[in-house]
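*Asks:* Below you'll find the structure I mean.
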Amino acid sequence: MEKTVGKQSIRFEEAIHLISAASIAGKKEGEGPLGKLFDKISADPCFGMETWEKAESAMQRSAVETALEKAEMESKAVRFLFGGDLLGQLIATSFGAEELGIPFFGLYGACSTCGESLALAAMTVAAGFGDPVMAVTSSHFGGAEKQFRFPLEYGNQRPLSATWTVTGAGAFLLSKKGGRVRIPEVTIGKVVDYGVKDSLNMGACMAPAAADTIERNLEDLGREPEDYDRIITGDLGYVGKQILLDLLKGRGIDIKEQHMDCGIEIFDRESQDTHSGGSGCGCSAVTLAALILPKLTSGEWKRVLFVPTGALLSTVSYNEGQSVPGIAHGVVLEHC
């Protein structure tokens, strides 16, 4: 039987395996430090479609189909699909999932959705409700800017605290056996709100939630930071990273040696002008598929704590003057 551990964590009696993963990225992401690691890169930001939203749906389908090809499996063999994106009512995922014909759970955890989908997929497999199960997450720079900030044609100036929404999609196939990387535990985050209202400083909005989940994971599982080769946040960027380290240090936890942030890894700060780094649902998803899982598969890393971070705002809440709460979900990944 699976069991709860501490206040927010779950330990599976038999760790759940990641049997395949895929990463699809846009042109700017392909020009960054991880460019050679992505499965597919599109020079066309519309991915052959007429709108940003349809482009994101196509990107998601491609990620799922690529993961299935790697596993030599057809979509009809997948029991459930857990997926989400940043767009209103999950239109990128729902329209993308339509053609796949897989029973579908739509999720919204903002940029933490990759962690949420992996946690729920692992719990579903562990409980015996489905095997295999797919998790997919995406974001698109054009679609996100259009919805949350300004249309690209406006050409607004971005502050240095702003992050660049990643155009990318990551898909992951989970089963009870068959992979070289497994999920033994997950730590489910809670909503944390420090009252930050600046939607162009996502790192400050999300760092408190990341600190809370990391602290809870270490306490629940009786671990120290050095028990992980890396503690990897989703998209705090340079601003959020420093806030996270300071918050944890104030609680007597030092993760400076282990910490890595997907939003920092995906772009080159000097040549790509993304200010504080990368963000979006696709940021942690493609970094996990392209960089993190291969290092675990090879055994270079034995255990990591993967903590995608999300800012829970909408155009409605922002325009009504509300603050931006954050959330972060922790997924422990081990070499096996």
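*Asks:* Filter region 20-41 down to the residues that are buried (at least 21 other Cβ atoms within 10 Å of the Cβ), part of a strand (DSSP E or B) and out of contact with any Asp or Glu (no Cβ under 7 Å at 6 or more places or on another chain) and list them by number.
*Replies:* Correct list: 20, 21, 25, 26.
*Asks:* Would you pick out the residues in region 69-89 that are surrounded by fewer than 22 Cβ atoms within 10 Å (Cβ to Cβ) and not acidic (Asp, Glu)?
*Replies:* The answer is 70, 71, 73, 75, 76, 77, 79, 80, 88, 89.
*Asks:* Now for a separate question. Contact list please: Cβ distance under 6 Å, first residue in region 37-53 and within 13 Å of residue 142 (Cβ to Cβ), second residue β-branched (Val, Ile, Thr), pairs at least six apart or on different chains.
*Replies:* As it stands, the answer is 53/91, since those pairs meet every condition given.
*Asks:* Which count do you get for residues in region 244-294 that are closer than 18 Å to residue 305 by Cα, of a type in the set (S, T, N, Q) and within 12 Å of the chain's Cα centre (by Cα)?
*Replies:* 2
*Asks:* With the condition being free of Cβ contacts under 8 Å to residues at least 40 places away in the same chain and aliphatic (A, V, I, L, M), I'd like the strands (runs of 3 or more DSSP E) fully within region 231-335 carrying at least 1 qualifying residues.
*Replies:* 259-261
*Asks:* Limited to region 6-50, what total is found for residues that are touching a Pro at 6+ places or on another chain (Cβ under 7 Å), under 30 Å from residue 190 (Cβ atoms) and not hydrophobic (A, V, I, L, M, F, W, C)?
*Replies:* Going through region 6-50 one residue at a time, the tally reaches 1.
*Asks:* Right, another one. Can you find a residue in region 201-211 that is assigned to a loop (DSSP other than H, G, I, E, B) and either among the charged types (D, E, K, R) or in contact with a Pro (Cβ under 6 Å, 6 or more places away or on another chain) (or both)?
*Replies:* Within region 201-211, not a single residue is assigned to a loop (DSSP other than H, G, I, E, B) and either among the charged types (D, E, K, R) or in contact with a Pro (Cβ under 6 Å, 6 or more places away or on another chain) (or both).
Every read-out reported here was derived from the displayed coordinates using simple, explicitly stated rules and does not represent laboratory data. Predicted, not measured: the structure shown is a model, and the values here were computed from it. Glycine gets a Cβ as well: all are built from the backbone with ideal geometry, and neighbour counts include every protein chain shown.
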